[in-house]
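**Student:** My questions all concern the structure below.
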Amino acid sequence: MENKHVEIAMELRSGASCPNCAETILMAYAKEMGLTKEQAANIGSNFGGGMKAGSVCGAVSGALMVLGAMGVKQPMKIGEFQRRIRDNHNGMINCADLLKANAMAGGDKKSHCDAMITEAILLVDEYLGRE
């Protein structure tokens, strides 16, 4: 399945700078939000690593920021978005919990984060009615 936002995100993540999860998602949608990639990265900079404190996953935070910027802000839809992420990860949405579970399963951090970014982007595009 091809998805232009996932392609942009994975290209960003494969570079030397490897932006955090929130930065990556915001940068993937920067043009549509009327931002430069640098502005998008700056907005997301403090949301990676669960707000740099192991809290809500940066991919989720970045996705929620994109949804809000694109006009999706109904509490029911946002709650459903978060529930769908939790349902895919044994009820977890916090970075520290997700990374711990991933490590215990033998996974590596970058692959896990790339998968979270991809999952979040696919959901964002679904909610925006895009492919």
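**Student:** What are the pairs with Cβ atoms under 9 angstrom where one residue, in the range 120-131, is part of a loop (DSSP other than H, G, I, E, B) and the other, located anywhere, is modelled with pLDDT of 95 or more and of a type in the set (Gly, Ala, Ser)? Sequence gap at least six, or different chains.
**Tutor:** From residues that are part of a loop (DSSP other than H, G, I, E, B), the pairs are Leu128/Gly71.
**Student:** Additional query: Which one is surrounded by the fewest Cβ atoms within 10 Å (Cβ to Cβ), of the residues in the range 1-22 that are among the small types (Gly, Ala, Ser) and under 24 Å from Ser55 (Cβ atoms)?
**Tutor:** Going through the qualifying residues, I end up with Ser17.
**Student:** How about the range 46-69: which of its residues are on the phi > 0 side of the Ramachandran plot and surrounded by 19 or more Cβ atoms within 10 Å (Cβ to Cβ)?
**Tutor:** Gly50
**Student:** Here is a check on your reading of the model: is Ala101 small (Gly, Ala, Ser), modelled with pLDDT of 95 or more, surrounded by 13 or more Cβ atoms within 10 Å (Cβ to Cβ) and touching an Asp or Glu at 6+ places or on another chain (Cβ under 7 Å)?
**Tutor:** no
**Student:** What helices (runs of 4 or more DSSP H) completely inside the range 1-113 contain at least 3 residues that are touching a residue at least 12 places away in the same chain (Cβ under 8 Å)?
**Tutor:** In the range 1-113, 4-14, 21-28, 37-44, 58-69, 75-88, 95-104 are the helices (runs of 4 or more DSSP H) which contain 3 or more residues that are touching a residue at least 12 places away in the same chain (Cβ under 8 Å).
The values are calculated or read from the model by the stated rules, or taken from the named source; none is laboratory data. Not measured: the values here are computed from a predicted model. Backbone-built Cβ (ideal geometry, glycine too); neighbour counts: all protein chains shown.
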